[in-house]
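The values are calculated or read from the model by the stated rules, or taken from the named source; none is laboratory data. Computed from a predicted model, the values in this text were never measured in an experiment. Heads up, the Cβs are rebuilt from the backbone with ideal geometry, glycines too, and the neighbour counts pull from every protein chain shown. Note: areas computed on protein heavy atoms with side chains; ligands, DNA, RNA excluded. Shrake-Rupley method; radii C 1.70, N 1.55, O 1.52, S 1.80 Å.
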Amino acid sequence: MTTRRFPSFVLFLALLLCAAPHARAQQTRPRTALPAQTPSQTTVAVPTLTPTPTPAPFEGVAAQASAYHAPFAHGILVQRRNGETIIEQGTDQLFNPASAVKLATSLVALRTLGPDYRFPVGVWMTGTFDRPSGTITGDLIISGRDPSFHYEHAVSVARELNLMGVRTVTGDLIIAPRFTMNFNASSLRSGERLYDTLDSTRRPAAATRAWLEARAALKDAESLMTTPSVAVMGAVYVDSVPPGATHLLTHNSSTLVDILKVLLCYSNNFMAERLGDTLGGAPGVEQYLERELHIAPAAIRLASTSGLGVNRLSPREMMKIYLALVDELREHNLKASDILPVAGIDPGTLSRRYAAHPARGSIIAKTGTLVRTDGGASALVGEFRAQNGETLYFVIFNQRGNVTRFRSAQDNLLYNLQLARGGPAQFPYSPQTLAMRLVDTEYNRAAATDEYEPMANE
């Protein structure tokens, strides 16, 4: 099929008309616990369009945009799975992919850790444990790097300790470096939140709600009849796990696949950066892509694993990353919808954008938005289905313009491509509440709390 370098869809005229220029650490007691924040991107509804044969070459778009003294740029690649190109424009130019970088982070994580990997959080103690009184005479220590650890998980840890007989800790709560909770990068602040959440008399209302909602989602009626609580009498410190500390239990997070689904639906920057840390950060992800996908060093530059900042990638290389991600999922009998948002159905960055759109349920994609960086950057990467049975894969990068209008133009392009193939066709998909994705945790704990022996440092 002949490659169309100058598509005849109304999108490119829309880009012309719509794109606008614009240019043992400190001792502390916790105070008020802050609500958890999940970064997400603003979305807009898109009107229904009909196809048009009017040509709108990119040269005309770029020429008129330059009249505003701030030319914007766009790169587009749409192809079939066999590599046959449907549309291409600027495919080898470098753009800022924004949060579409999270696709690269997800690919490297899946290949490195595996889809069933669970992040461990270890619970330790020093001193002795008296079962009759339920008292640890010593310190309680928490270590681990779970990017998804939240209020409901902290209450769950308190419940597990209660099941082991632990009710009171006379010493301090020691938080190992790099432990985080509620998407807060500060280990000390995370420790303060954990301190409050473990103790039912100090527990924030938000933590109680998260716990009750998690148990209800799991249909765990027995846990709903109890109030887990572990009171720590000392202060909160950040320090490493002491040599000779006794391992009490390990909280294992939900699987990596479930974590990725939440991360990508909400485009959670914190989770992406924390996940990236386990992969060697942005340099580690970049080197992996160069080595394993044969991406030329000149064709990629990553400043973050979340997409924040100035990153660079071409549409062609991003397509290579996305298809490698799809292939990796298939190796494990998974689909793109198992980790990416389905437009208009899953909550997050593509929920309202496609909620009332005819293409609802027919597009699986990752968004990217940076309002100020590179004069405004917007990306959409993924796949769509059409009534003629085709599934097409796409990468759309836009820069130097109004990101809201870029999104509208992206949606229009995909919809017109679907209309040319009989219209949108929904993917087979049964949505699951995202809260369920992060509560399916597991525990490993000692058999008897009065027979603990010191274990090696974690």
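The table below gives the values:
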quantity	calculated
Those residues of region 291-316 which are open to solvent by 10 Å² or more (accessible area, probe 1.4 Å) and farther than 25 Å from Arg274 by Cβ, in sequence order	His294, Ala296, Pro297, Ala298, Ala299, Arg316
Filter pass, Leu264 being open to solvent by less than 20 Å² (accessible area, probe 1.4 Å), out of contact with any Asp or Glu (no Cβ under 6 Å at 6 or more places or on another chain), more than 20 Å from Val166 (Cβ to Cβ) and at pLDDT 95 or above	yes
Among the residues listed as Ile295, Ile345, the single one being in a loop (DSSP other than H, G, I, E, B) and touching a Pro at 6+ places or on another chain (Cβ under 6 Å)	Ile345
Qualifying residues in region 149-181 (those that are assigned to a loop (DSSP other than H, G, I, E, B) and in contact with a Lys or Arg (Cβ under 6 Å, 6 or more places away or on another chain)) - the one farthest from Leu212 (Cα to Cα)	Arg178
Near pairs, Cβ below 6 angstrom, 6+ apart or cross-chain, from region 406-434 (within 23 Å of Gly389 (Cβ to Cβ)) to any residue that is open to solvent by 10 Å² or more (accessible area, probe 1.4 Å) and assigned to a helix (DSSP H, G or I)	Asn412/Ala14
Of the criteria (1) surrounded by 24 or more Cβ atoms within 10 Å (Cβ to Cβ); (2) over 27 Å from Val310 (Cα atoms); (3) modelled with pLDDT under 95, which one Met436 fails	(1)
Every residue from region 228-240 that is aliphatic (A, V, I, L, M), in a loop (DSSP other than H, G, I, E, B) and surrounded by 19 or more Cβ atoms within 10 Å (Cβ to Cβ)	Val230
Members of region 115-143 found to be within 20 Å of Arg178 (Cα to Cα) and aromatic (Phe, Trp, Tyr), listed by number	Tyr117, Phe119, Trp124
Count of residues meeting criterion [outside any loop (DSSP other than H, G, I, E, B) and either modelled with pLDDT under 95 or not polar (S, T, N, Q) (or both)] in region 413-432	6
Qualifying residue in region 188-203 (condition: at pLDDT 95 or above, surrounded by fewer than 22 Cβ atoms within 10 Å (Cβ to Cβ) and farther than 30 Å from Arg131 by Cβ)	yes
Scan of region 370-384 for residues that are in a strand (DSSP E or B) and farther than 25 Å from Gln79 by Cβ, ordered by number	Leu370
Complete set of residues in region 375-433 that are of a type in the set (Ser, Thr, Tyr) and surrounded by fewer than 18 Cβ atoms within 10 Å (Cβ to Cβ)	Thr391, Thr404, Tyr429, Ser430, Thr433
Check on Val326, modelled with pLDDT of 95 or more, of a type outside the set (Lys, Arg), out of contact with any Pro (no Cβ under 9 Å at 6 or more places or on another chain) and assigned to a helix (DSSP H, G or I)	yes
Residue in region 47-62 that is at pLDDT 95 or above, within 32 Å of the chain's Cα centre (by Cα) and crowded, with 18+ Cβ neighbours inside 10 Å present	no
Residue count, region 75-130 (criterion: over 24 Å from Thr441 (Cβ atoms) and in contact with a strand residue (DSSP E or B) (Cβ under 9 Å, 6 or more places away or on another chain))	30
Region 211-226 - residue that is closer than 14 Å to Arg159 by Cα, in contact with a helix residue (DSSP H, G or I) (Cβ under 6 Å, 6 or more places away or on another chain) and not aromatic (Phe, Trp, Tyr) and, of those, surrounded by the most Cβ atoms within 10 Å (Cβ to Cβ)	Ala214
Failed condition for Ile259, given (1) surrounded by fewer than 21 Cβ atoms within 10 Å (Cβ to Cβ); (2) under 30 Å from Thr367 (Cβ atoms)	(1)
Qualifying residues in region 202-233 (those that are touching a Ser or Thr at 6+ places or on another chain (Cβ under 7 Å) and small (Gly, Ala, Ser)) - the one nearest to Gly171 (Cα to Cα)	Ala231
Residue that is among the aliphatic types (A, V, I, L, M), within 20 Å of Leu107 (Cβ to Cβ) and open to solvent by 20 Å² or more (accessible area, probe 1.4 Å), where the choices are Leu325, Leu334	Leu334
Only listed residue being within 18 Å of the chain's Cα centre (by Cα), β-branched (Val, Ile, Thr), surrounded by fewer than 24 Cβ atoms within 10 Å (Cβ to Cβ) and over 19 Å from Phe270 (Cβ atoms), chosen from Thr85, Thr112, Thr91	Thr112
